[in-house]
Every structure is written in structure tokens, then in C-alpha cells.
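In what follows, a single structure is set out as C-alpha cells and then discussed.
Readers should treat all values here as calculations from the given coordinates under stated rules, not as data from a laboratory. What you see is a predicted model; the values in this text were computed from it and never measured. Every residue, glycine as well, gets a Cβ built from its backbone with ideal geometry; the counts of neighbours run over all protein chains shown.
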Protein chains: 2
Amino acid sequence: MAKNLTARATDYSRWYNELVVQADLADNSAVRGCMVIKPYGYAIWERIQADLDARFKETGHVNAYFPLFIPKSYFSKEASHVEGFAKECAVVTHYRLKNDPNGKGIVVDETAKLEEELIVRPTSETIIWDTYRDWIQSYRDLPLLINQWANVVRWEMRTRLFLRTTEFLWQEGHTAHATSEEAVAEAVQMLHVYGDFVENVMAIPVLRGVKSTNERFAGALETYCIEAMMQDGKALQAGTSHFLGQNFAKAFDVKFQNKEGKVEHVWATSWGVSTRLMGALIMTHSDDNGLVLPPKLAPDQVVIVPIYRGEEELALVEAVAKNLQAQLRAAGIRVKYDGRDTHKPGWKFNEYELKGVPVRIAIGPRDVANGVVEVARRDTLSKESLPMEGLAASVSVLLEEIQTNLFAKAVAFRNSTTKSVDTWEAFEAALDEGGFVMAHWDGTPETEEKIKERTKGTIRCIPLDSPDEVGACILTGNPSTRRVAFARAY
Amino acid sequence: MAKNLTARATDYSRWYNELVVQADLADNSAVRGCMVIKPYGYAIWERIQADLDARFKETGHVNAYFPLFIPKSYFSKEASHVEGFAKECAVVTHYRLKNDPNGKGIVVDETAKLEEELIVRPTSETIIWDTYRDWIQSYRDLPLLINQWANVVRWEMRTRLFLRTTEFLWQEGHTAHATSEEAVAEAVQMLHVYGDFVENVMAIPVLRGVKSTNERFAGALETYCIEAMMQDGKALQAGTSHFLGQNFAKAFDVKFQNKEGKVEHVWATSWGVSTRLMGALIMTHSDDNGLVLPPKLAPDQVVIVPIYRGEEELALVEAVAKNLQAQLRAAGIRVKYDGRDTHKPGWKFNEYELKGVPVRIAIGPRDVANGVVEVARRDTLSKESLPMEGLAASVSVLLEEIQTNLFAKAVAFRNSTTKSVDTWEAFEAALDEGGFVMAHWDGTPETEEKIKERTKGTIRCIPLDSPDEVGACILTGNPSTRRVAFARAY
């Protein structure tokens, strides 16, 4: 198995691509840029979905479902949105196929041309705000706190599994509010819902901040984001939450009567995370042996592998192993017993390493005699012998320890690669080294653009907790009041 | 609220359309034939999904995700499949939009034309079997038991909310097996998973059977189905499970080496249910006052409405109501307290009747004094006074009773409208009356087609439990060995 995996140091990008396929997470499909999410990868995505969905519901949101198709003209209604989204899209122009008159398969029926083309949604603000017009009349109808789990399509020229695919899965929240303050509070709340989830469940530390004007969502007044740091020193935007002001309400004529009887436009937010999170997960924790999964997301937290020669030893070992499996299950641990006789233990060890199962337990006849098992941790690759007695409790503790350790390791890496610089030379060098570069910036889009052209570095965010500090812009020397986080990014 | 609902006796079809919109289940969108599933409707669908998903996993299936788009040529590979599915489809021909050179919005960029058109999946056999070719080499890779939750698109000319929409949500299982027997067993197993779910959770009785050749899925050797009977006497196909033989394996060249080292084509099944189930749910239980929901699917099983005049009474009643709510919640009951002061109790009663909440509890100051509450059942519209003491237990029993009663009522209706007939005159009369018509048929597609042309009645299924019985075909008089279930259908 893992023998064929390219080392990260050799070629990080190749390591990633190979790992995604070899660990059975996803694969390229016959359709350009569209991936197949394989069962093992999808099981992780299901855990991400379930945990996020519970957090959305705890904060008062409900799910709904809006159409896949959006009439082309809708994109023109919000001026900046059209520039951002109505470009590289899948366009439906016809609604019928027919048998080829020349007998060669099937062809598009040219008589079945749509009057107005339909766009496969790249994001749903337009169709949703077109719907909200009918749902909102009074302040009593507000706030409207709706989320949708859906597939979206953006016709990307260069695609990579999970990180950038033509079709991807995501959730998109779209909320409507009576006041600007309430909408901003919602956008900030969802930023923290994302941040808490990604840190506590995915064990990925993130910077929480706002985007600069250049990096803002097309149609937003403010974009909040969480930014993670990958092992190769490139940043990855892991989630965004937008304060949309009244832009979409004005574009789609969504008004409400307030408590004083005055008619106003509604205030909006939208927020989303996608299967891109799978990419962040892989690139934060995994190593040259394969995937490393935080226990909270692992479909199997523990695998038990029997070690034996012959039927007699198997019978002995299997009975004990299954009994331990039952004990661990009763303690709420997701545990698999791999009794396949088609593969040797060494092969299985490699496979579960490649697939990132947090804890591997091996049991042989001598272990049974001694009342112990061999427990291997995926995160540290270390092994220890643990008594069978009280195993469920000790494994529970171990799983928590692994979860904590993965986060601590990722924080340490992120911090060790984050640098504060004050000169252009140091800035360029720091970007080349990788990691976040905290530097002063004069706050203008022009300067940001120039920095991007020269270095490929972008402002990932202006961190919410970044302290006031007088300084001079790294490029222009103009005054700046706080440092912002630059990096090269996925 | 419900005052505006057309009575079923007046116009069943209009009643249905109004109910779906008024009960906040779904609405038509700006995109022809595509619906918006509103939060209340989606919450029911989520419960359907969660319950089915657990049943799929219990029977060894895992979820995955395959591309939305299918290359046009794939449809031509399986001869009968192309006839059934590659006709009324959404066709993607371009992948870019650009600003209109004349300054009028955006237009399709004609230079961005796809070499091969992509079809928005109407069903995924082709793309999935194209993928399985890479996943299956040996009998060790089998069985492959995969399900997908997804949206699909079929360009329907006449659409109705939930029953027939251009885009709908569904699950599609696609399994691969080493033998014909195993694949048939899987198809039958899933038929019963569907049947058990629909009967025990949705409280909808179904006939379980096989389709006649004419009604079979395009590409299947055998289609198993569950058929429900709606209140207007029309049948509704609620789920199907197909034994696909080796058709797709041959079309996409999917082979495996069996235990004896011989290379064979793989055996297949596929099975699916969709948001159409929501239509069946509505049309089985609901009445002229609105939706009626079985407790197992109701997002809110109980609603508590306070009755009061003035602040003082409210304070008294609210404290008791919230305490009861907590007790019911602790017993695992989904209960909502509606303390809105913007609406009168009568308005709320109407609303929860319209939305089908199984149990409504009203509490006023006198109830508090007497230690009782007023409990109203949605299914029978009857009321009774129940002691607060032990309310969680009595409501739990009541919810079970409602679930049982709804199923029993639906069974009684289905049975009372099912007729066995032996003459053509009686057959036509029975079809006109509605309900299933059990009649002899000579087993030929030609006869079935003629019957359909003359009566609009189709063979809904050949019930699995239909006993052997010698008879004469209702149309031709030719010999028949068992009765089949005819009906007019949605």
C-alpha cells in the first residue's frame, strides 16, 4: 500500500494527489474536473456534515432546498455578483435529445432550445433572494435563518481533488434580517461556528479575520473568513461568512415593513464551507505513510487486527478480539475488527496507516495469555502494550489525547511558520519560506494588487484579534495601524 | 389559514396543490418545473432521509457521491436505457458566459462550446458503472453496496410539486455482485427495506410486487416496486428496486475474476426513492383541514398553546407549559411551545391543524387550577382533558396510537377500494371507481398496452403474495395463472 506514496519532501503536490486516491477518499471521474467521492472519503464528509448541521440548528437555522438551475438574467441583477460568478459556469441551453438521424447514437434536439439559458448554480444568492421576496413582508417574518446542503458547479480551468473541482458539495446559509447590526452579528456568529468546528473537530487551527476589499465575495460589504496553514507553507481559505448589506434585497426587491410601519430593504448574510475542507484536513495532519485522521472525524477510530497461525490460534484470538470490540463499542468508540483471511497482518497495518485510522490494536496468542494488547497510535506511530482490563477507558483517553495532540502539533507548526516582518526583503524571503507573514499594509487595494503581482502573496485576512500597532506599509511605507496576514495560498 | 383550502370532494388536485403551498411544504420556483422545498417540508424530508439512511447502513451499504454530469455518449451504451432516459434531459452545451457586447446583461460565450455535451443526470447507472470498471477486478471486490443521496433532473412537460418535478431529490443505490442470485436477493431485500419503512414510519400501506415488462425500468431484467393507494383512488409508485442483470456491466465492460479464476461480467441492482414520497405522504393521510402527519415523521409531534388574558395569566400558564414541555422533551418527544403574542390561540390552532402537528395541547388558567390540559388529536380531530400528572407517558402512548391509527385507516381505505373483478364491464367500472383492481391478465405486453389505451389503467404490479389462481384474461379471455393489480396511477 503506502509504499507507492511519494514523500512530501519530494513533491508535496504529488503526495497529495496520490494520497487522496490511495487512501480511497476520492478519484477523478470521466467528466473533466468532476470528482467521485469514494465511500471512505464520503464517510468523513458525512461526519463533517452531521456535526456542522447540528451546530447550525443549535444556532436557530433550518434547512431548505432551492433549484439547481438559475435563469441567466438573474446574475445580471446584482452588479458586482455578475462579475464574480457569471463567467465560468455550466450553461444549459437545451432540454431534449433525440436519436441521430444518421443512426450514430443520440444528438441534441435543436428544436428543444430554451428561451432563456439556465445556469447550474455556482452559488445561490440570486435564486434564493428571488424567492425571499415572496416570503418576507413584515418584521414578523424576520429573521429568516436558512441553510442548504447542495452541489454547486464552477467551471474551473485547473482542478485538484477536493481543493478545486468543477462540481463540489457544500452548504450555503442565506439569512435575512431587519437591521444591519443583526446581519453583521449573524455573519460574525457563523464565522465562529466555523472556526470552533474546524479547530475542535477537525483539529485545524485557523486565523479568524476579515478579507481585504480585493478578496471580498462578489456582492458582499464584508467577508469574514477562517484561514488555515498547510504543511507546505501555503494558506487555505477554509470557510467564509459574508455580510451582504442590502445589495441582494435591492437587486431582487425584497422589502419589509418594520415595527414602525416603514418599508425598508432587508439585510442579508451568506456563509459556506465545502468539500474543500477535506483538502485542508488531509494537508494539515497527514504524513508520508498516508492519511492521519483526528478521532472525532475518523469513520473507524480503532481497528483490531488478529495475529495468528492456524485455526486454533485464530479461534482463541478472535473470541478475545470480538469481546474487546464489544466493550469498546459499548463505550461509544467506533471500532472495526478486521478478520479477513485474505490479507496478512503487515498488509493490514499498512492499509490502516494509509487510511489514517487513529488507533490500531493487534492481538496475538501471547497477548491473550498475558492479558494485554499492542496499541499503535497513528499520529506518533508509537506502540505500547496495554492491559485488556479497562481497555475501553484507556482507549477513550488515548483518542482524546490524539485529538488534542493533532491540534497542538498543527498549532505549533502554524506558529513556527508565522513571521512578523518589517522590510520588503524580509517580506519576500518570508513568503518564499512559507507560512503566514504578518506585515503592515497601507490599506489600499492598489498596494495589495502590486504586492500580489510581485510576490504571488495575498492578504489572507485582517485577523480579528490583531492588535493596534503603528507601522509603515511593507511596500509603500505609508502609515498602517495594524498588521495583516499575508501568504501564498491554495 | 385552512379556511382557504379547497375541499377534497370539490377538486382533489386543487386541494393537493393548495395544501402543499399553504402548509409550507414546497412552492413553485421561477425556474419551470423546479420546486423550492420550504423549511417545514424539508424537515420532513430530513426525517425520511435519516431513517432510510440508517436502514441502508444496517443492511451493509455505504454512501458515496458521483458526478452531476454525464457525457452524452454514455447513454447510448446500454440499448434500452437510452430509450428510457436520454430524451427529456437538461443538456449543458457551454461553459462560459460573457458580457453582452451590446451592453445588455450577459450572453453565452459561443467560443466556450463543449466538445461533447453533458447531460444533467436523470439517473446514474451509466456514470457509476463507468466508475465501477476501475473498482472491480476480483470476487474479493464484491459485493459493492453503494448508495448516493443526490438531485436528479428529468425534463417533465407537466409538473406537480413533489409528484413530478424537473429537479427532484432522491437516493439511488447501485450494487455489484458476483452472481445473479445474490443480485436478485439484494433487489428483493431493498424492496422490503422500502416497504417496511413506508409502512412502519410513513404509515402508508403498500403492495409489494414486480412490474410487468411494459412498466419495467429501462435497462432492468426485473423491477420490484411498492405501490400505494391515494385517497382519490389513484395508485402511486412509491419506490422501485431493479435487478439489472449484466446489462450495465456489459455496456461498460465491468468484469471480475471469480474464485475459480474465470473472468465474468458483474451482476447489478439499482434502487431508489425520491421526494415523491412526500406526495404519497400528503395524499394518504391529509384531510380538508390540511396536512396530517404520522408522529414518527412530524418535525413537531406536539405543540403547546397557552390560553390567557393579560400578563398575570400568561405568567402563570407559561411557567406550567414550559415545565410540561421539558417533561415531554425528557421523554424523547419533539415538542414546541408557541408563546407568540402576535397571534390568537384560534389562529394557532388552525395553523397547526394545517401543518399536521399530531397532538396539540392547550393550557389555560382553569386547567392549571385543575391540574389538567386539553389534548387534541390531529388525526381524529377529537379532544380530551388529561391530567398533567404523567402527561409525558400518556402523550407517548397517544403518539403511538395515532401512528397505528393512521396506518390502520389507510389500510382500511386501501382494502375497501380494492376489488376483484372477472368481466370487462366490471373491470372498467372498478377502474372508474378508483382503487386497485385485481384481475386476470394473459401476461402479454400487447394485451397490457391495449388495456392501457382503452382505460388508462396500468398494471401497477404483480403482487409477490398474490396466490396462484386459474382464470381468464379480462380482455382476451386467454388463460392466466394469477391476478395482477391494475389501477389508474400518478
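The alpha carbon convex hull volume per residue for the stretch A:135-198 rounds to 125 Å³.
In a fully extended conformation the segment linking residue B:133 and residue B:253 would gain 42.5 nm over its present Cα-Cα distance, using 0.36 nm per residue.
For residue B:138, the residues whose amide H sits under 5 Å from its own are B:257, ignoring neighbours fewer than 5 places away on the same chain, with H placed 1.01 Å from N. Taking a 25 Å limit on the Cα-Cα distance, which of the listed pairs B:296/B:322; A:456/B:104; A:72/B:38; A:87/A:419; A:57/B:409 fall beyond it? From the list (B:296/B:322; A:456/B:104; A:72/B:38; A:87/A:419; A:57/B:409), the Cα-Cα distance tops 25 Å for A:456/B:104; A:87/A:419; A:57/B:409. Just check the stretch B:1-101 against the gyration tensor rule for me: Cα atoms, a ≥ b ≥ c as the square roots of the eigenvalues, rounded for a/c under 1.5, and otherwise prolate or oblate depending on whether a/b exceeds b/c. Because a/c hits 1.5 or more and a/b fails to exceed b/c, the stretch B:1-101 counts as oblate.
Other chains near A:91-103: what is the mean number of their Cβ atoms within 10 Å of each residue's Cβ? List each step's numbers first, then the result.
Working: counts 12, 11, 8, 7, 12, 7, 13, 2, 5, 1, 0, 0, 0.
For this peptide, the per-residue mean of nearby foreign Cβ atoms is 6.
With a cut-off of 15 Å between beta carbons, the residues surrounding residue A:220 carry a summed charge of -4, where Lys and Arg count +1 and Asp and Glu -1. Given their separation in residues at 0.36 nm each and the Cα-Cα distance between them, residue B:465 and residue B:53 gain 145.6 nm when the chain is fully extended.
Seen from all directions on average, chain B presents a Cα convex hull projection of 29.6 nm².
Each of B:177, A:265 was scored by other Cβ atoms within 10 Å of its Cβ. Listed from fewest to most, they are A:265, B:177. Does anyone have the angle between helix B:180-200 and the longest principal axis of chain B? Alpha-carbon axes, 0 to 90°, nearest 10? The two axes meet at around 20 degrees. Placing a label point 7 Å from the Cα of residue A:4 along the Cα-to-Cβ direction, none of the residues of the stretch B:239-282 has a backbone N under 13 Å of that point.
When the helices in chain A are scored as -39500 (n - 2.57) per DSSP H run of 4 or longer and the sum is shared across all residues, what 222 nm value do you end up with, to the nearest 500 deg cm²/dmol?
Details: 13 runs with 170 residues, N = 490.
Only helices count here, giving -11000 deg cm²/dmol.
Apply the Debye scattering formula to the stretch A:153-312, with a single equal point scatterer on each alpha-carbon and no solvent, then give log10 I(q)/I(0) at q = 0.11, 0.13, 0.14, 0.21 Å⁻¹. Per q value, in the given order, log10 I(q)/I(0) is -0.56, -0.72, -0.80, -1.36.
Axis of helix A:391-417 versus longest Cα principal axis of chain A: the two differ by about 50°, to the nearest ten degrees.
Across identical copies of the chain, residue B:472 has label-point separations of 10.8 nm, listed in ascending order, with the point defined 7 angstrom from Cα along Cα→Cβ. For chain A, leaving out every one of the trypsin sites (Lys or Arg not before Pro) that falls in a DSSP loop and has at most 14 other Cβ atoms within 10 Å, the longest unbroken run is A:341-455.
Taking only the C-alpha atoms of the protein assembly as shown, Rg followed by Dmax gives 30.4, 98 Å.
Quick check: net charge around residue B:130, other residues with Cβ under 10 Å of its Cβ, Lys/Arg +1 and Asp/Glu -1?
Its environment carries a net charge of -1.
Largest first, the three principal axis extents of the alpha carbons in the stretch B:190-260 are 51, 27, 16 Å in whole numbers. Within the stretch B:295-335, whose backbone N sits under 15 Å from a point 7 Å along Cα→Cβ of residue B:344? B:307-310, by backbone N distance to the label point. A convex hull fitted to the Cα coordinates of the stretch B:417-487 yields 73 cubic angstrom per residue. Summarise the long-distance tail of P(r) for the stretch A:302-399 by giving the % of C-alpha pairs beyond 20 Å. Cα-Cα pairs of the stretch A:302-399 separated by over 20 Å account for 30 percent. Using a 7 Å projection from Cα along Cα-to-Cβ, the label point at residue A:374 is separated from the same position in the remaining copies by 7.3 nm, smallest value first.
The same position residue A:309 in the other copies lies at 9.2 nm from this copy, comparing label points 7 Å beyond Cα toward the beta-carbon, shortest first.
Simple rule: put +1 on each Lys or Arg Cβ and -1 on each Asp or Glu Cβ in the stretch A:1-119, find the dipole, and look at A:43, A:79, A:10; the Cα lying farthest toward the positive end is A:10.
With R₀ set to 25 Å, the beta-carbon distance separating residue B:116 from residue B:452 gives a calculated FRET efficiency near 0.10. What the phi angles of the stretch A:449-456 give under the Karplus curve with 6.51, -1.76 and 1.60, with θ = phi - 60°, is a coupling list of 4, 5, 5, 4, 4, 6, 10, 6 Hz, glycine and proline written as x. If one takes the longest principal axis of the Cα atoms in chain A, at what angle in degrees, from 0 to 90 and to the nearest 10, does the Cα axis of helix A:276-285 lie? The angle comes out at about 40 degrees. Partner shielding of A:57-65 amounts to 4, given as the average count of beta-carbon atoms from other chains within 10 Å of each residue beta-carbon.
Here residue B:288 and residue A:200 are evaluated by their C-beta separation; at R0 = 45 Å the FRET efficiency comes out at 0.35.
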